[in-house]
Amino acid sequence: MCGIVGYIGTEDARGIILNGLKRLEYRGYDSAGITLFNGDDDTFHVYKDKGRVAHLEEITDFSYRSVLGIGHTRWATHGVPNQINSHPQSSDSGRFFVVHNGVIDNYKELITSHLNESVFASDTDTEVIAHLIEKFSYRMSVSEAIRKTMSLLEGSYALAIIDTYNPYKLYACKNKSPLVIGVGDNGVVVASDVMACVGYSDKFVPLEDKTFVEIDGATYRIMDIIGKVVPHVEKPIDVDYFNIEKGEYSHFMLKEINEQPAVLRNIIGAYFDGDEVLLNGEIQQAIRDSDRLYIVAAGTSMNAGQIGRELFEKMAGIPTEVHIASEFAYNLPLLSKNPLFIFISQSGETADLRAVLVNIKAKGYRSLTITNVKTSTLAREADHFVEILAGPEIAVASTKAYTAQIAILAILAYGLSDKHINLRKELSKVAISMENIIDKRDYIDKLVKDYLTKRNCFYIGRGIDYYGCLESSLKLKEISYIQTEGFAAGELKHGTIALIEQDTPVIAIISQRAIAKNTRSNLNEVKSRGAKTLVIATRGVHEPDDQIVVDDVYELFSPMLTVVPAQFIAYYAALHRGYDIDKPRNLAKSVTVE
Ligand code: F6R
């Protein structure tokens, strides 16, 4: 989704903004733009176009000194990706420049009620904001004009705003979409993600909804919508710069797949004291007090949630439901008497989840967020949060966050189980077994070359392997664009088997002893209809012809292992097709609009 970086201070604004935008590229975007103040002759310049930040860098003039600017990566919602619709957008006379992340639901009504006379250059909802600010600025201060505009906007927005009449100020505000300010000795950064501030700011402040900030190079003032100063706390930035670079790897996704054993060990180090689980007692109590857990998530995190349900029900005997956040938000099912809501989100910013959180908080229900970003909105706003400690995940396709989420769910479930396994040892075994798969990645690369030659593919499995199939198929489709579906193996013959023809690729995941035979017989059904099959199996249930055999681990943990070859399958399929692996088309890492 859109990314914002603004800067005011004494350093090179252009460098900070362009570098910040590159660090936000992981969010997904189709256009990029920047407005810079030329301190040499007091003029403002806009550079923007469809395409990558690298292209923006090429079209930006580097010949003058600039200490103020706002930049943006746009993921189109209103209007096609093109030069005109790219941000910054400007007001009628060009006095104000605005960059925006979010969606303004009532922009058409605002045009009718306030901007009848205006002429719009773009198809964006954002341009309406710039026009409104200018209109109000004729009869009030700029700060008041922006806050008045905020009071009219319905929907989500994070905004950075420049007033060309005053190059000593930068303004920002937000509602629902994330925005932080980074504070350092040489200036203030405004950004969608702390990542853009690393190296330029030592501290940051996550802005609350409906707050507004007025910044000069050295100081800033955070206010609410009526202009009352809002207290805030500056937090240290502890993201390691090294962690947000690719290093020796050709892609972030490859780096992140390879990091999984280390992430698991990191989790073990943080959440165990000897063989005992170290967890905030209040969290354990909240789970114990609830009569049903409601896991709410999207995409890969929801697939991890499905494994979470198995863990909570089978290890700890706690009834658990898993829901798609975007469905749950507007179609609340019948709830139990004492529900606990568990939000699983790598980014902690997914708007669909936030909509549910706001809704259930208003009803007085308790909540727990499991996230990779401890400073995120969902971490801040839930009653409790647990960090998955996966380190920054930059590739759009989630890999290490998925396995880390499952490990954390296992730790939560274990705390309330009869402790029939030694969890620390079992998780350590998974880490070692992941390394064994990583060592075989060249072999998987070769398999993929011969095997994934069609436009479609199916993953099939039963029980917990079925949930593994959902995640494996999501990985393959999102980066290789091969149309892939994950199916419960037994369900195929109830319709979908009609799609199997000569050489249709079907990948089976088989890790559970009790149902291995059933999946094998479904595999034979597709084979006899011409399918080209590939099997990922655990050693205990494997057969001689199986192509990928992974170690045996505690059965409920096998999805953490069987997903690793599936991640490599997706990676190499996309690599062979020459696609942009870390930034697949149409997708965003942080989905901050509903
Ligand atoms: C797929 C993927 C997405 C995310 C989904 C939720 O690889 O990354 O499906 O899992 O958009 O995002 P988070 O976990 O940040 O809430």
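The values are calculated or read from the model by the stated rules, or taken from the named source; none is laboratory data. Small disclaimer: the values here were computed from a predicted structure and weren't measured. Quick reminder, even Gly has a Cβ in these numbers, built from the backbone with ideal geometry, and neighbours come from all protein chains shown. Accessible surface is based on the protein model in full, side chains and every heavy atom, while ligands, DNA and RNA are left aside. Shrake-Rupley method; radii C 1.70, N 1.55, O 1.52, S 1.80 Å.
Would it be correct to say that Tyr481 is at positive phi and in contact (Cβ under 8 Å) with a residue 12 or more places away in the chain?
Details: at positive phi: yes; in contact (Cβ under 8 Å) with a residue 12 or more places away in the chain: yes.
Criteria met by Tyr481.
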Check your understanding: If you check every pair at least six apart or on different chains, which have Cβ atoms under 6 Å apart with a residue in the stretch 392-406 that is closer than 21 Å to Glu25 by Cβ first and a residue that is open to solvent by less than 10 Å² (accessible area, probe 1.4 Å) and near the ligand (Cβ under 8 Å from one of its atoms) second?
Key -> Glu393/Ala401; Ala397/Lys475
Review point. In the stretch 468-489, which residues are more than 14 Å from the ligand (Cβ to nearest atom) and aromatic (Phe, Trp, Tyr)?
Key: Phe487
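Evaluate the following for Tyr330: is it more than 14 Å from the ligand (Cβ to nearest atom), of a type in the set (Phe, Trp, Tyr) and in contact with a strand residue (DSSP E or B) (Cβ under 9 Å, 6 or more places away or on another chain)? Spell out the reasoning first.
Working: more than 14 Å from the ligand (Cβ to nearest atom): yes; of a type in the set (Phe, Trp, Tyr): yes; in contact with a strand residue (DSSP E or B) (Cβ under 9 Å, 6 or more places away or on another chain): no.
Answer is no for this residue.
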**Study point:** Lone unmet requirement of (1) more than 18 Å from Glu594 (Cβ to Cβ); (2) away from the ligand (no atom under 14 Å from the Cβ); (3) not aliphatic (A, V, I, L, M) for Glu387
**Key:** (2)
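Counting just the residues of the stretch 356-373 that are assigned to a strand (DSSP E or B) and more than 14 Å from the ligand (Cβ to nearest atom), which one comes out surrounded by the fewest Cβ atoms within 10 Å (Cβ to Cβ)?
Quick first cut of the stretch 356-373, residues assigned to a strand (DSSP E or B) only: 366-371.
Subset that is more than 14 Å from the ligand (Cβ to nearest atom): 366-368.
On the way: Arg366: 18, Ser367: 22, Leu368: 23.
Checking each candidate, the answer is Arg366.
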Revision key, fill the gap. Of those in the stretch 402-429 that are surrounded by fewer than 24 Cβ atoms within 10 Å (Cβ to Cβ) and small (Gly, Ala, Ser), the residue modelled with the highest pLDDT is Ser428
Exercise for review: Please work out if Leu340 is more than 16 Å from the ligand (Cβ to nearest atom), over 21 Å from Lys235 (Cβ atoms), in a loop (DSSP other than H, G, I, E, B) and of a type outside the set (S, T, N, Q).
Suggested key: no
Check your understanding: Inside the stretch 535-594, can you point out the residues that are touching a Cys at 6+ places or on another chain (Cβ under 9 Å) and either open to solvent by 10 Å² or more (accessible area, probe 1.4 Å) or among the charged types (D, E, K, R) (or both)?
Key -> Ala588, Val593
Exercise for review: Sort through Phe252, Phe272 and tell me the only one that's among the aromatic types (Phe, Trp, Tyr) and surrounded by 19 or more Cβ atoms within 10 Å (Cβ to Cβ).
Suggested key: Phe252
Review point. Only one of these conditions is not met by Gly79: (1) in a strand (DSSP E or B); (2) at positive phi. Which number is it?
Key: (1)
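Only residues that are β-branched (Val, Ile, Thr) and farther than 19 Å from Leu427 by Cα: list them for the stretch 372-408, please.
Filtering the stretch 372-408 for residues β-branched (Val, Ile, Thr) gives 373, 375, 377, 386, 388, 394, 396, 399, 403, 406, 408.
Within the stretch 372-408, Val373, Thr375, Thr377, Ile394, Val396 meet the criteria.
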Practice item. Please work out if Leu353 is of a type in the set (A, V, I, L, M), assigned by TED's automatic domain parsing to the domain that holds Tyr271 and more than 16 Å from the ligand (Cβ to nearest atom). Key: no
Point to revise | Residue check for Ser376: within 15 Å of the ligand (Cβ to nearest atom) and touching a helix residue (DSSP H, G or I) at 6+ places or on another chain (Cβ under 7 Å) | key: no
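So which strands (runs of 3 or more DSSP E) are wholly in the stretch 1-67 and hold at least 1 residues that are open to solvent by 40 Å² or more (accessible area, probe 1.4 Å)? Give the steps one after another, and end with the answer.
Values: elements: 3-9, 31-38, 43-50.
The qualifying strands (runs of 3 or more DSSP E) are 43-50.
Each row is one residue, and each column tells you yes or no for (1) part of a helix (DSSP H, G or I); (2) within 24 Å of the chain's Cα centre (by Cα); (3) of a type in the set (D, E, K, R).
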{"residue": "Lys449", "(1), (2), (3)": "yes, no, yes"}
{"residue": "Cys457", "(1), (2), (3)": "no, no, no"}
{"residue": "Ile460", "(1), (2), (3)": "no, no, no"}
{"residue": "Ser472", "(1), (2), (3)": "yes, yes, no"}
{"residue": "Lys477", "(1), (2), (3)": "yes, yes, yes"}
{"residue": "Ala516", "(1), (2), (3)": "yes, no, no"}
{"residue": "Leu523", "(1), (2), (3)": "yes, no, no"}
Review point. Lys135 is checked against (1) closer than 25 Å to Val230 by Cα; (2) modelled with pLDDT of 95 or more and fails just one. What number does that condition carry?
Key: (1)
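Scan Val80, Val46 and give me the residue that is touching a strand residue (DSSP E or B) at 6+ places or on another chain (Cβ under 6 Å) and in the same structural domain as Ala121 (by TED's automatic domain parsing). I'd like the intermediate steps shown before the answer.
On the way: Val80 fails: touching a strand residue (DSSP E or B) at 6+ places or on another chain (Cβ under 6 Å).
Exactly one of Val80, Val46 is touching a strand residue (DSSP E or B) at 6+ places or on another chain (Cβ under 6 Å) and in the same structural domain as Ala121 (by TED's automatic domain parsing), namely Val46.
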Revision key, fill the gap. Gly490 vs (1) crowded, with 18+ Cβ neighbours inside 10 Å; (2) assigned to a helix (DSSP H, G or I): all pass except (1)
